[in-house]
Amino acid sequence: MISPFRPAPLLRHPDAQTIVANLWRPRPGPAVARVRWELADGDFLDLDRAAGASPTAPVAVLCHGLEGSSEAPYLRGLAANLVGRGLSVVALNFRTCGGVPNRLPRSYHSGETTDLGEVVRRLLLEAPGRPLVVAGFSLGGNVVTKWLGEHGETLPPEVRGGAAISVPFDLGACQRRLDGPGRLIWLYRERFMRRLRRKAAWKARQFPGLFDAAAVARATTFAEYDQLVTAPLHGFASRDDYYARSSAGGFLAGIRRPYLALAATDDPMVPSASLPLAAARANPAVNLLVTPHGGHTAFVDGALPRPGFWAERTVADFLAGLVAPGPAATSARP
């Protein structure tokens, strides 16, 4: 059974949850080794692999959020929990997120699942028969959810299931929320936009004329950025086409492996009305667990100054259960 989430005292407000989880926490996690995998398209992926794990241990592939990396505190927190439960961990850096620009005139986005699929493919070739699970936060949770739904029954039997935290199931709704009014929303938006503009400037120097670099430098909203950069670089007709084709909510029906998603109705970036409750209820493989509090990729419990992180513990317990010896689970419902 999944224990209920009880927010830490003084941290019931969603922005307090979100900010504390991002800023006021140690950087836990196992020792890792950075590896670079060359890709058939001429690009590369940088990954962090937990050091010292048995080559036959079950493995978890972790995906970070928008403008995060394998070093994000929430990702390292989940990695520490998983290693403590006997799993090996591979943390994927999406293209442009490993600290150096990628080589091609493209980047990453919420619907890009082929790189995750390639990582899974190579890990299964390394150790055939080894159980594997996937997990992601926010944008990375959208990627994980979409990938599981895209492949459904065709996934290799080694892939036991997955989990996701604070998924933007409806990208258009989340864009409108993040581009909306409010001082804190502006701070969240500008924090992301500053990093996105910087990476777009990298890409413009690599490939002059790829997009309107001056317009991107002036962009202050996700609507502008996705129209100017994300959509044209990745083959979408427009930002709305990108949102419609990449939103994970449309892929829940296809999931056939146990899947747990954690969401909060007070998430400042994901409107509660956009959560796909009906689609989740209709699929026995899916458990969308919604709590009243928790913020965005936060779910801080315990007590300050030594907070706990309920979502990371809960997901680690769920994934460890999927790879435990014995018959593979067929449902995510508690």
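Assorted remarks:
- Cα gyration tensor, the chain - rounded (a/c under 1.5), prolate or oblate: rounded
- Scanning residues 5 or more positions from Ala164 or on other chains, those with amide H under 5 Å from its amide H are Gly136, Leu260, Ala261, Leu262, with H placed 1.01 Å from N in the peptide plane.
- Each label point was placed 7 Å from the Cα along the Cα-to-Cβ direction; for Leu23 and Glu224 their separation is 2.5 nm.
- Mean shadow area of region 171-246 over all directions, Cα convex hull, nm²: 4.8 nm²
- ³J(HN,Hα), Karplus 6.51/-1.76/1.60, whole Hz, each residue of region 187-198, x for Gly, Pro: 4, 4, 4, 5, 4, 5, 5, 4, 6, 5, 4, 5
- 3J(HN,Hα) along region 172-179, derived from phi through the Karplus expression 6.51 cos²θ - 1.76 cosθ + 1.60 where θ = phi - 60°, amounts to x, 5, 5, 4, 5, 5, 5, 8 Hz, with x in place of Gly and Pro.
- Taking a ≥ b ≥ c as the square roots of the eigenvalues of the alpha-carbon gyration tensor, region 1-160 is classed prolate because a/c is 1.5 or more and a/b outweighs b/c.
- Taking θ as phi - 60° and the Karplus parameters 6.51, -1.76 and 1.60, the scalar couplings of region 15-26 work out to 6, 4, 4, 5, 6, 5, 4, 8, 10, 10, 6, x Hz in sequence order, x denoting glycine and proline.
- Peptide ranges 98-108, 267-277, 204-214, 54-64 listed from the most packed, as the mean C-beta count within 10 angstrom indicates: 54-64, 267-277, 98-108, 204-214
- Helix-only mean residue ellipticity at 222 nm for the chain, each DSSP H run of n ≥ 4 adding -39500 (n - 2.57), per residue, nearest 500: -10500 deg cm²/dmol
- The simple spin-label model puts a point 7 Å past each Cα toward its Cβ; for Ile185 and Val100 those points are separated by 4.0 nm.
- Extension gain (nm, one decimal) between Glu118 and Gln206, 0.36 nm per residue minus Cα-Cα: 29.2 nm
- Here the relative contact order of the chain, from alpha carbon pairs under 8 Å that lie six or more residues apart, stands at 23 percent.
- Highest-MSF residue in the chain out of Ala16, Ala264, Ala303 [GNM, Cα springs under 10 Å]: Ala303
- The chain: most fluctuating residue of Gly235, Gly140, Gly65 per GNM, C-alpha cutoff 10 Å: Gly235
- With Cα atoms defining each centre, region 271-286 and region 1-68 are spaced 24 Å apart in the structure.
- Amide H contacts of Phe44 (H built 1.01 Å from N, under 5 Å, at least 5 apart or other chain): Leu39, Arg103
- Ranking of Asp179, Asp46 by count of other Cβ atoms within 10 Å, fewest first: Asp179, Asp46
- Annotation: amide H-H contacts under 5 Å for Thr291 (H modelled 1.01 Å from N, sequence separation of 5 or more, or interchain): Ala263, Ala264, Thr265.
Every read-out reported here was derived from the displayed coordinates using simple, explicitly stated rules and does not represent laboratory data. Please read these numbers as outputs of a predicted model, since none were measured by experiment. As a convention, Cβ positions derive from the backbone with ideal geometry for all residues, glycine included, and neighbour counts pool all protein chains shown.
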